[in-house]
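J.: Have a look at this one.
Read-outs throughout are calculated quantities, based only on the coordinates presented, and are distinct from any laboratory measurement. These figures come from a predicted structure and were not determined experimentally. Glycine also receives a Cβ, built like all others from the backbone with ideal geometry; neighbour counts cover every protein chain displayed.
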Amino acid sequence: MRAAAAAEGQVIAAWAGALLSFAGTILLIFTLRETQKSTGAARDAADYAKETLHADRAWLCHYGFSYGAFSGHLDDEVVQNGFVFSASFQNFGTTPALGVACYRDIKIVDRAVEDMPDFDEPDSMQQSGVVAPTTSVAAQPGFLNDEETARFRNRETKIFLYCRVTYYDIYKKDTLRQTELCVSMVHNGGSMVSEGQLREAVTISPAGFGNTAS
């Protein structure tokens with residue numbers, strides 16, 4: 001009798017162990033399936049955001065200015081004490097900007113003038129091709145001859161600079177992206193850093209309608 005009871009107890013224990021093992025396996029499978037669902041949902045959400053928002057698309061935005069003294073030939077004129085300036089744009093996205101083209105227009109007006117001048121529509125634009133991430137492209141420089149520079153440095157005039165950059169991103173190659181920049185530049189003197197060399201002091205401020213990016 002005791003042997004039979006012991007054998008029966010062993011059978012019950014074996015069945016209980018098997019049931020617990022089966023339940024553990026079912027729980028593990030369920031957990032793995034739920035983990036896969038969560039991972040898949042996260043991946044789907046990331047893919048959806050990437051496809052709809054394109055957070056990593058190319059973004060060409062204004063990056064900086066450069067300016068200073070200029071001497072050389074300007075058209076058919078010899079310039080000895082001129083002035084040159086330019087604006088640059090950088091790709092702040094993580095994918096290339098395609099078909100990049102730049103345009104710039106400048107207007108020189110009396111310093112007292114407050115109204116914005118009218119800028120010309122481009123007949124053509126400077127082609128720059130592909131601009132990689134973290135890479136910058138400069139718009140065509142603007143030049144002043146000796147007379148224009150003298151008036152600018154004497155604070156008689158100011159410069160309005162307008163730039164337009166167009167490009168495509170890799171996600172929407174049929175959508176033309178555009179960045180515009182419009183600023184005023186006024187000369188505020190400077191300091192001599194060496195004999196005959198002036199360190200220009202120029203104040204550059206946003207102006208008018210064009211300071212947008214799409």
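J.: Could you sort the peptides 175-187, 114-126, 59-71 by per-residue average Cβ neighbour count (10 Å cutoff), highest mean leading?
T.: The densest-packed peptide leads the list: 175-187, 59-71, 114-126.
J.: Can you give me the distance in nm between label points at Asn81 and Lys172, each placed 7 Å from the Cα along the Cα-to-Cβ direction?
T.: Computed distance between label sites Asn81 and Lys172 equals 5.1 nm.
J.: Given a Förster distance of 22 angstrom, what is the FRET efficiency for Thr134 paired with Glu200, based on the Cβ-Cβ distance and rounded to 0.05?
T.: The formula returns an efficiency of 0.20 here.
J.: For the ranges 199-208, 131-140, what's the packing order if you count other beta-carbon atoms within 10 Å of each residue, average per peptide, and put the highest first?
T.: 131-140, 199-208
J.: Hey, another quick one. Could you give the nm distance between label points at Leu98 and Asp56, where each point is 7 Å from its Cα heading toward the beta carbon?
T.: Distance between the two pseudo-spin positions: 1.6 nm.
J.: Shifting gears a bit: Enumerate the calculated ³J(HN,Hα) couplings along segment 201-209 in order (Karplus 6.51 cos²θ - 1.76 cosθ + 1.60, θ = phi - 60°), each rounded to whole Hz, writing x wherever the residue is Gly or Pro.
T.: Those phi angles translate into 10, 10, 9, 10, 10, x, 8, x, 8 Hz.
J.: With the radius of gyration and the Kirkwood radius both derived from the Cα set of segment 118-187, what is their ratio Rg to Rh?
T.: Details: Rg = 16.0 Å, Rh = 14.9 Å.
My calculation of the ratio gives 1.08.
J.: Modelling each spin label as a point 7 Å along the Cα-to-Cβ direction, I'd like the Ser71/Ser124 distance in nm, to one decimal.
T.: 3.2 nm
J.: Could you give the alpha-carbon Rg of segment 60-213 over 2.2 N^0.38 Å, rounded to two decimals? Walk me through the numbers before you get to the answer.
T.: Values: Rg = 16.8 Å, N = 154, 2.2 N^0.38 = 14.9 Å.
My calculation over the Cα atoms of segment 60-213 gives 1.13.
J.: Report relative contact order for segment 60-213 in percent, whole number only (criteria: Cα-Cα under 8 Å, sequence separation at least 6).
T.: Across segment 60-213, relative contact order equals 24 percent.
J.: Quickly rank 152-159, 97-104, 75-82 as a protection proxy: mean count of other C-beta atoms within 10 Å, highest first.
T.: Highest to lowest by the protection proxy: 97-104, 152-159, 75-82.
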